[in-house]
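The structure appears right after this line, and notes come after that.
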């Protein structure tokens, strides 16, 4: 194959052209690269501010698709730049304002501060529409597998994506699809396990991956190498996927059963470091020894964690909760301490 950098053409396109192409569907988001929009309100405002003060923004990568031979229609998937194009389209469509508190101090008195698109002065609208962005066009001759390698390399050096988002772009098989399906269960939103920002950054998928890792390998350290190996091993085929799904849903239903009994209990164990421990314990032992007694003991456990004077067992649990919480050692410390507390 030819050197990718030699065949990837560099051009410049106006915001008007990029947003117009995006809104018409000529530019489209390939969700196999990024599952969810990552940016929050402040980052969106900062992008528009950057344009309005005349500073450059990072280049965008698009992948030319094979031209439709019947219609002559040309389409491009957005490989890198989804956030920027989506943000510009949203603002021009009037979905939010340039909140002044998100701007730099020196720009909070400018004529664009606090305004939605329709309220902007005409010269500001022109400034946004005419702003030129560097665009790198990847030809259709480069296949999707190579595109994934390029995307992964871009974000390894850029660091704009976290490891889970990069895995989402790198792997397309059964394991990643299953981990994401489990992250869409109602349990997570109903009990507010993850914030909106964490969901955007795929922390929920990272957590479901941790549980599946436990199903396959027992309590282990969630290193990047371990997780990537898991994704690779089950990328093409996933034997036992239905059993894992039943097992996962069963343990979540048991956790929810406990959560419904006491608010303090659910508040404490809804934090992922503690939830992982509770899930492992329930998966290994079920209710210990029954629901009513387990709820009482767990409530006592929570109360003792909040107490000024802590018992040796509680101190041991906290030791496993404060440093390297996703290591095998810390996880085993928490599990053993909680199990011993429940058995007393």
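Structure summary
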{"quantity": "Label zone at residue 196, where the point sits 7 Å out along the Cα-to-Cβ direction: the range 102-124 residues whose backbone N lies under 18 Å", "calculated": "102-103, 116"}
{"quantity": "Efficiency of FRET from Cβ geometry, residue 336 and residue 293, R₀ 30 Å, rounded to 0.05", "calculated": "0.95"}
{"quantity": "Mean-position separation - Cα centroids, the range 78-95 and the range 109-156, in angstrom", "calculated": "7"}
{"quantity": "Rg and Dmax [Cα atoms of the range 187-271; Å; Rg one decimal, Dmax integer]", "calculated": "14.3, 42"}
{"quantity": "Degrees separating the helix 312-322 axis from the principal Cα axis of the chain, which is the longest one", "calculated": "10"}
{"quantity": "Of 101, 14, 330, the one that fluctuates the most in a GNM where the chain has Cα springs shorter than 10 Å", "calculated": "101"}
{"quantity": "R0 of 25 Å, Cβ-Cβ distance residue 65-residue 93: FRET efficiency to nearest 0.05", "calculated": "0.50"}
{"quantity": "The chain, Rg to Rh (Cα coordinates; Rh as Kirkwood inverse mean 1/r)", "calculated": "1.06"}
{"quantity": "Two-site label geometry, residue 177 and residue 74: point separation in nm, points 7 Å out along Cα→Cβ", "calculated": "3.3"}
{"quantity": "Label zone at residue 101, where the point sits 7 Å out along the Cα-to-Cβ direction: the range 183-202 residues whose backbone N lies under 20 Å", "calculated": "195-198"}
{"quantity": "CD proxy at 222 nm, helix term only [per DSSP H run n ≥ 4: -39500 (n - 2.57); per residue of the chain; nearest 500]", "calculated": "-17500 deg cm²/dmol"}
{"quantity": "Estimated FRET transfer efficiency when R0 is 35 angstrom, pair residue 246-residue 303 (beta carbons, to 0.05)", "calculated": "0.55"}
{"quantity": "For 106, 116, order by how many other beta-carbon atoms lie within 10 Å, fewest first", "calculated": "106, 116"}
{"quantity": "Tail beyond 24 Å, pair distance distribution of the range 174-343 (Cα, percent)", "calculated": "35"}
{"quantity": "Exposure proxy order (Cβ contacts within 10 Å, fewest to most) of 192, 261", "calculated": "192, 261"}
{"quantity": "Enclosed volume per residue, in Å³, of the convex hull spanned by Cα atoms of the range 1-134", "calculated": "129"}
{"quantity": "Residue with peak Gaussian network fluctuation, the chain [Cα springs, cutoff 10 Å], from 311, 209, 277", "calculated": "311"}
{"quantity": "In nm, spacing of pseudo-spin labels at residue 108 and residue 238 (7 Å Cα→C-beta vector)", "calculated": "4.8"}
{"quantity": "Sorted peptide list for 39-51, 64-76, criterion being average Cβ within 10 angstrom, highest first", "calculated": "39-51, 64-76"}
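Only the coordinates and a few stated rules stand behind these numbers; no lab work does. What you see is a predicted model; the values in this text were computed from it and never measured. Backbone-built Cβ (ideal geometry, glycine too); neighbour counts: all protein chains shown.
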